Amino acid sequence: MPDLPSHYALLCVGNSMMGDDGAGPRLAERCAEQPLNDWTVVDGGAAPENDIGFLRALRPDHLVIVDATDMGLAPGEMRIIDENDIGEMFMMTTHNLPLTFLIQQLREDIPNITFVGIQPDVVAFYYPMSPVVEQAVCRLHQLLPQLQTGLGIAPYVAEMA
């Protein structure tokens, strides 16, 4: 019988005080309300680099990172973004360090890392999360248990100018 991944980690990134940028933290809340079997959920907030040591020590078989990401899509759309594209594309971020740095630091100890971007609608202080992004968070929560066979989320493809 082949060895199958037995432990997953979810790193939720974003600032819940910035409207749709709070998609990651909202996903962490949803996971606390409705836990996922065999998942460790980390709410990295606006400073996910603070969780590097914990995640490296945890050594999950697969890490999923979720963040609001401006990909020029309709609000609420989700895409899997290749880590090689993260640094090249314009990424709306409210974080202290680029996510490419975070992934590079984790790559040594975590072989499988998937980055899921959720297209925000409004990112501004004290705005509520838009309903379409809330729906995306709920949909992603439902998809995560299927990680082993694929999330069913399309890869991000940059539009050629």
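Some values worked out for this structure:
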quantity: Residue in segment 115-161 that is nearest to GLY72 (Cα to Cα), counting only those that are polar (S, T, N, Q) and at pLDDT 95 or above; calculated: GLN119
quantity: Extreme residue, surrounded by the fewest Cβ atoms within 10 Å (Cβ to Cβ), among residues of segment 54-70 that are assigned to a helix (DSSP H, G or I) and touching a strand residue (DSSP E or B) at 6+ places or on another chain (Cβ under 8 Å); calculated: PHE54
quantity: Residue check, THR100 more than 22 Å from VAL157 (Cα to Cα) and at pLDDT below 90; calculated: no
quantity: Long-range neighbours under 6 Å by Cβ, at least six apart or interchain, first residue in contact (Cβ under 8 Å) with a residue 60 or more places away in the chain within segment 17-31, second in a helix (DSSP H, G or I); calculated: ASP20/VAL133; ALA23/VAL133; ALA23/VAL137; ARG26/VAL137; LEU27/VAL137; ARG30/HIS141
quantity: Hits in segment 107-144 - residues which are more than 24 Å from SER16 (Cα to Cα) and surrounded by 12 or more Cβ atoms within 10 Å (Cβ to Cβ); calculated: ARG107, ASP109, ILE110, PRO111, ASN112
quantity: Meets criteria (out of contact with any Lys or Arg (no Cβ under 9 Å at 6 or more places or on another chain), of a type in the set (Phe, Trp, Tyr) and at pLDDT below 90) for PHE90; calculated: yes
quantity: Among residues of segment 71-86, those that are within 12 Å of the chain's Cα centre (by Cα), of a type in the set (A, V, I, L, M) and open to solvent by 20 Å² or more (accessible area, probe 1.4 Å), counted; calculated: 1
quantity: Selected residue [in contact with a helix residue (DSSP H, G or I) (Cβ under 6 Å, 6 or more places away or on another chain), surrounded by fewer than 23 Cβ atoms within 10 Å (Cβ to Cβ) and either touching a residue at least 24 places away in the same chain (Cβ under 8 Å) or not in a helix (DSSP H, G or I) (or both)] from ASP43, ASP51; calculated: ASP43
quantity: Any hit, segment 25-37, residues being assigned to a loop (DSSP other than H, G, I, E, B), open to solvent by 10 Å² or more (accessible area, probe 1.4 Å), small (Gly, Ala, Ser) and over 21 Å from ASP121 (Cα atoms); calculated: no
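The values are calculated or read from the model by the stated rules, or taken from the named source; none is laboratory data. If you're wondering where the values come from, they're calculated on a predicted model, not measured in any experiment. A quick note on method: Cβ atoms are made from the backbone with ideal geometry, for glycine too, and the neighbour counts reach across all protein chains shown. Just the protein is used for accessible areas: all its heavy atoms, side chains included, with ligands, DNA and RNA removed. Shrake-Rupley method; radii C 1.70, N 1.55, O 1.52, S 1.80 Å.
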